[in-house]
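**Q** Have a look at this one before I ask anything.
The values are calculated or read from the model by the stated rules, or taken from the named source; none is laboratory data. Keep in mind that what you see is a predicted model, and the values were worked out from it rather than measured. Heads up, the Cβs are rebuilt from the backbone with ideal geometry, glycines too, and the neighbour counts pull from every protein chain shown. Side chains included, ligands, DNA and RNA excluded: accessible areas come from the protein's heavy atoms. Shrake-Rupley method; radii C 1.70, N 1.55, O 1.52, S 1.80 Å.
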Amino acid sequence: MQTENGPVGRKRASFIERARREQVVEAATETVARFGYAHTSLARIAEQAGISKSVISYHFEGKDELMVLVAERFIEAATERLTAGVGAQTTASGQVSAWISSQVEYYAAHRTGFLAMSDIIVNHRSPDGSSPFGGPLEEEVEELAGILRRGQREGAFREFDPRSTANIILRSTDGLISSWVMDESVDLTSGLASLLDFVHHAIRGDDR
C-alpha cells in the first residue's frame, strides 16, 4: 500500500499544486481584465479565486511573477494559433490572410485573456524600469515582411516596401482590435472581412 510520501502521494500532491497554480493564474487574468493592472492586488486575486492570500504567496513570489506569467501564457498561446494558421497556408496571399485572421479570431475567443495581457504589457515594469516584454513587435514586422517579399518574388504582390507595409498591416489589425476593446459591440467578423479586403487590394499584383 502506498503512503502519502510514496509515488502515488507525490503525484497527487503535484497534481493538486498544478491545479492550484492554474486557479490562481486564471483568477489573476480575470482580476486584471475586470479591475485593471493598477487596481490588481494579491488580495483581490485571492478574493476572485476564493482562496486566502497566503495560498497565492505559497505558489508565487508575488504580483510581479503572476503578471508576467499571465501575459506570457497568453502571448504563447496566441503565437501558437498564428503559427499554425500561417503554416497551414501554401501561398503568400493565404499566409497574409491567416496572419491577420488568426490574431483577430483568437483574441475574439479569449477577450478576458487579451484584456489582461494588453494591460499588463502596457503597465508592468521590471525593477530597473524596463519592460520584460520587449522585442516581439520588431520580430512580427520582420516575419510578416518576409511573407510579403515572398509574394513579390512569386508575382502575387506588387512592388512596395515590405517592412513598411508589414508595419501598416499590423497597426491596422491593432486598430480593429482596439475598437473592439473599447466597444464590445463592434462586429469583429465584419471588421475582419473589411480589413482583409483592404489589405489584399493594397498589396496584390496589378494583374490579379
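**Q** Provide the per residue accessible area, probe 1.4 Å, for the chain, rounded to a whole number of square angstrom.
**A** That works out to 57 Å² for each residue.
**Q** Ok, one more. Cα-based Rg of region 161-208 per 2.2 N^0.38 Å, rounded to two decimals?
**A** Cα-based Rg divided by the globular estimate yields 1.29.
**Q** Run the helix sum for the chain: -39,500 (n - 2.57) per DSSP H stretch of 4+ residues, divided by residue count, reported at 222 nm to the nearest 500 deg cm²/dmol.
**A** Mean residue ellipticity, 222 nm, calculated: -25000 deg cm²/dmol.
**Q** In whole Å, what are the Cα extents of the chain along the three principal axes, biggest one first?
**A** 73, 43, 36
**Q** Next question. For the chain, which whole percent of the accessible surface, found with a 1.4 angstrom probe, sits on carbon and sulfur atoms? List each step's numbers first, then the result.
**A** On the way: 6060 of 11800 Å².
After summing per-atom areas, the C and S share lands at 51 percent.
**Q** With a point put 7 Å past each Cα toward its Cβ, work out how far Lys63 is from Ser131 in nm, to one decimal.
**A** It works out to 2.0 nm between the two label points.
**Q** Among rounded, prolate and oblate, which fits region 80-200 when a ≥ b ≥ c are the square roots of the eigenvalues of its C-alpha gyration tensor, a/c under 1.5 means rounded, and a/b larger than b/c means prolate?
**A** oblate
**Q** Moving on. Filter the chain for me: DSSP H helices, axial length by Cα at least 15 angstrom, mean Kyte-Doolittle hydropathy not below 0.0. List them by residue number.
**A** Span-like helices here: 63-87, 92-109, 111-123, 162-182, 188-203.
**Q** At q = 0.10, 0.11, 0.15 Å⁻¹, what base-10 log of I(q)/I(0) does the Debye formula yield for region 21-125 when every alpha carbon is treated as an equal point scatterer in vacuo?
**A** Taken in order of the listed q values, log10 I(q)/I(0) reads -0.33, -0.39, -0.63.
**Q** What full-extension length gain, to one decimal in nm, is calculated for Arg204 and Phe15 as 0.36 nm per residue of separation minus the Cα-Cα distance?
**A** 62.9 nm
**Q** What is the spread of the Cα atoms of region 65-129 along each of their three principal axes, largest first, in whole Å?
**A** Largest to smallest, the principal-axis extents are 44, 24, 15 Å.
**Q** Among Val86, Val181, Val55, which one shows the biggest mean-square fluctuation in a GNM of the chain, springs joining Cα atoms closer than 10 Å?
**A** Result: Val55 has the largest fluctuation of those listed.
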